[in-house]
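Student: Before I ask anything, here is the structure I am working with.
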Amino acid sequence: MSSKTGDDWSPRQRSVKRPVLIAAAAAAAAAAWWWTDSAPYPYAQHWLLDLPLPFLTNRRLDALLAVRPGERVLEVGPGTGLQALHVAGGLGAGGRLDIVDIQQPMLDHVMRRAAATKISPIVPARADARDLPFEDGSFDAAYLVTALGEIPDPGAAMREIRRVLKPGGRLVVGEFADRHYVPLVTLLGYANAAGLRPSARLGPPLAYFARFEPPSGDAI
Ligand SMILES: C[S@@+](CC[C@H](N)C(=O)[O-])C[C@H]1O[C@@H](n2cnc3c(N)ncnc32)[C@H](O)[C@@H]1O
């Protein structure tokens, strides 16, 4: 009885087997990269960020963030400004939106768009979400949309955002089922560890916004 060891393959079978093995190895490498890569979203693909995601609409963000004129608001990971330009428009002349991103080209992109639309109160800062360059209790509200899962330690980022929120402030997190998706149950764990309690949610589980607040009366 013969077994199909490497030497038993005919030349034709060998010529078929080799490309299949190479394709399988490439697919395994791609899958490993897909699930483990935590690099920030590449600026080279910034045009994709301008396509609105289903359910993660600015109207829903507004409903949970509820910004008021004159407030100081923080966005972490603005990308090309899909949400930033909209939120800044609601802050009025006395308000201010601080945007923090690990990639300078993303910040530059938002600022070019803001200049073109004459939306003024946007202040960029290049920084890591795990080490925000702000004093404790600086912000009335903060938000991040499809950014948390790109940050190497999302729990640390949640603690840092909570630190810079004023007592009574609010944080809105938007998540979509892409490869950096943070499921709601995981997010609730991060929030709980950071001392934030959930107060509202909009959207289906695979494309949701969730709002969190420090417990009432809680000083930072
Ligand atoms: C997928 S984009 C989301 C952009 C935008 N919020 C949107 O919904 O279109 C994620 C953003 O988070 C930024 N980011 C990734 N890791 C970060 C980190 N550690 N600190 C700050 N920003 C980060 C990326 O550079 C990118 O601009």
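The values are calculated or read from the model by the stated rules, or taken from the named source; none is laboratory data. Only a predicted model underlies this, so the values are computations on that prediction, with no experimental measurement involved. Note that each Cβ is placed from the backbone with ideal geometry, even for glycine, and that neighbours are counted across all protein chains shown.
Student: Out of Ala125, Ala142, Ala193, Ala156, report the one residue that is more than 22 Å from Ala88 (Cβ to Cβ), in the same structural domain as Arg72 (by TED's automatic domain parsing) and within 16 Å of the ligand (Cβ to nearest atom).
Tutor: Ala156
Student: Next up: Quick one: in the range 193-204, of everything that is in contact with a strand residue (DSSP E or B) (Cβ under 9 Å, 6 or more places away or on another chain) and assigned to a loop (DSSP other than H, G, I, E, B), which residue is surrounded by the fewest Cβ atoms within 10 Å (Cβ to Cβ)?
Tutor: Top of the filtered list is Gly203.
Student: Among Ala84, Ala66, Ala114, which is touching a residue at least 60 places away in the same chain (Cβ under 8 Å) and in contact with a strand residue (DSSP E or B) (Cβ under 8 Å, 6 or more places away or on another chain)?
Tutor: Going through Ala84, Ala66, Ala114 in turn, the sole match is Ala66.
Student: For Ala88, which of the numbered conditions (1) closer than 17 Å to Ala115 by Cβ; (2) in a loop (DSSP other than H, G, I, E, B); (3) small (Gly, Ala, Ser) fails to hold?
Tutor: The number of the failed condition is (2).
Student: Considering only residues of the range 156-179 that are free of Cβ contacts under 8 Å to residues at least 40 places away in the same chain and more than 15 Å from Ala210 (Cβ to Cβ), which is surrounded by the fewest Cβ atoms within 10 Å (Cβ to Cβ)?
Tutor: Per the criteria, the residue is Asp178.
Student: Sticking with this structure for a sec: Taking the options Leu64, Leu53, name whichever one is within 12 Å of the ligand (Cβ to nearest atom), under 19 Å from the mean Cα position of the chain (by Cα) and assigned by TED's automatic domain parsing to the domain that holds Asp178.
Tutor: Sole residue among the options that is within 12 Å of the ligand (Cβ to nearest atom), under 19 Å from the mean Cα position of the chain (by Cα) and assigned by TED's automatic domain parsing to the domain that holds Asp178: Leu53.
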